[in-house]
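Computed from the coordinates by the stated procedures, all read-outs in this text should not be read as laboratory data. Everything quoted here is computed from the prediction, not taken from an experiment. Here the Cβ positions follow ideal geometry from the backbone for every residue, glycine too, while neighbour counts run over all protein chains shown.
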Amino acid sequence: MNNMLEKIENQFEMFQILNEEGKVINEDAMPDLSDDDLKELMTRMVYTRILDQRSIALNRQGRLGFYAPTAGQEASMLGSHYAMEKEDFLLPAYRDIPQLIWHGLPLYQAFLFSRGHFHGNQMPEGVNALSPQIIIGAQITQAAGVALGLKRRGEKAVAFTYTGDGGSSQGDFYEGINFAGAYQAPAIFVVQNNQYAISVPVEKQTAARTIAQKAVAAGIPGVQVDGMDVLAVYKVTKDARERAVNGEGPTLIETITFRYGPHTMAGDDPTRYRTKDTENEWERKDPLVRFRKYLESKGLWSEEEENKVIEKAKEDVKAAIKKADETPKQKVTDLISIMYEELPSNLEEQMEEYKVKESK
């Protein structure tokens, strides 16, 4: 039995295109991306890194509420999202705000989501997405259902969802991938393995050598990819999407990545559960540094271009937080009015009570 398990686990080798020095080590796997596509990917990663830095600063100033840092996971997040089409449906977790923004959510609404304002959860017309899921792993079962709905409607679209390595330890994870596999639903389940979930090392969460191999039990394809390599992430996600729209069912993708900051800004201290040596090791794998080296070798990127992106991100954040500040404050009557099409009697009574209170 051990030999059989080892044979299965050995099939899940990490897929990679760029090494840590930004050199191509898998030429045959290079995705079909134009020079403009490559520059756009770098633009999005740099922009998102600055957005993360500014969001952390705003959180510390008390101008944002809940926030989960994203630095280190840009290649995993944006490489996979770049394989999405506008008609695809996004079901993010709470750390996946960058994908949601690039999918069409205005930045000021992302800030309102962080503050707990209901308008931050109202997707604009044409943005196929649900609000970021706070319950760990719940979006996995939801994605299976959305994917089945897309299939039954005959739409050539895919449901994308994300969770972390901690989310893969939840029951919803197994139920979701099993359901999607049973119905050959067009879904892509991305597990961003950033090694520690909230604070527990992945090797203490599961005896499995990889998370990707858990796809075997659901009867679906699974792949492990270098989550610090944006080209590799894009390639495996693009291939998975093509299979899904061709009726070949779901895929489980495990991206091996790392979050440089705390789990969230709500008091987590990563120095309590990981060492400086570990952090230094992963900083040498920084997805921005790696991809920057690759683009510079092709003459596609410069310090001047990067500075333009940085300034653009700073300006956008400044404008977005100003717009969030100008948004009318959330009231209890707002929440009551959007809960039901027809209010039950108990909420009708509460609505009248709060109307009186809020008028004073």
Using a Förster distance of 51 Å, how high is the FRET efficiency between T271 and E40, based on the Cβ-Cβ distance and rounded to 0.05? 0.90
Relative contact order for the stretch 2-329: what percent, with Cα pairs under 8 Å and sequence separation of 6 or more? 25 percent
Each label sits 7 Å from Cα toward the beta-carbon; between F66 and A182 the label points are separated, in nm, by 3.0 nm
The size of the Cβ-based charge dipole (Lys, Arg +1; Asp, Glu -1) of the chain about the Cα centre, to the nearest 20 debye, is 620 debye
Measure off 7 Å from each Cα along the Cα-to-Cβ vector at A57 and T278, then give the distance between these two points in nanometres to one decimal. 2.9 nm
Gap in Å between the Cα centre of the stretch 235-255 and the Cα centre of the stretch 258-276? 32 Å
Per the rule of 0.36 nm per residue minus the C-alpha distance, extending A207 to E175 adds in nm 9.6 nm
Give me the one-decimal nm value for the distance between modelled label points at E348 and V216, 7 Å along each residue's Cα-to-Cβ direction. 6.0 nm
May I ask you to derive the relative contact order of the stretch 62-213, considering only C-alpha pairs under 8 Å and at least 6 residues apart, and to give it as an integer percent? 22 percent
Only helical DSSP H runs with n ≥ 4 go in: add -39500 (n - 2.57) per run for the chain, normalise by residue count and round the 222 nm mean residue ellipticity to 500 deg cm²/dmol. -15000 deg cm²/dmol
Using the number of other C-beta atoms within 10 angstrom as an exposure proxy, rank T251, T161 with the fewest first. T251, T161
Whichever lysines have a C-alpha closer than 26 Å to that of K7, once near sequence neighbours (fewer than 8 apart) are set aside: K204, K214, K235
Taking Cα atoms only, helix 35-60 is inclined relative to the longest principal axis of the chain by an angle, in degrees rounded to 10, of 50 degrees
Among D37, D239, D269, which comes first, then next, by fewest other beta-carbon atoms within 10 Å? D269, D37, D239
Can you compute the FRET efficiency between I336 and E125 using 1/(1 + (r/R0)^6), with r the Cβ-Cβ distance and R0 = 25 Å? Round to the nearest 0.05. 0.55
Euclidean distance of C-alpha centroids, the stretch 127-191 and the stretch 205-228, integer Å: 16 Å
Multiply the residue separation of M1 and K355 by 0.36 nm, subtract the distance between their alpha-carbon atoms, and state the gained length in nm to one decimal. 120.7 nm
Run the reach check for K357 against lysines, Cα to Cα strictly under 26 Å, same-chain hits fewer than 8 apart removed. What comes back? K329, K331
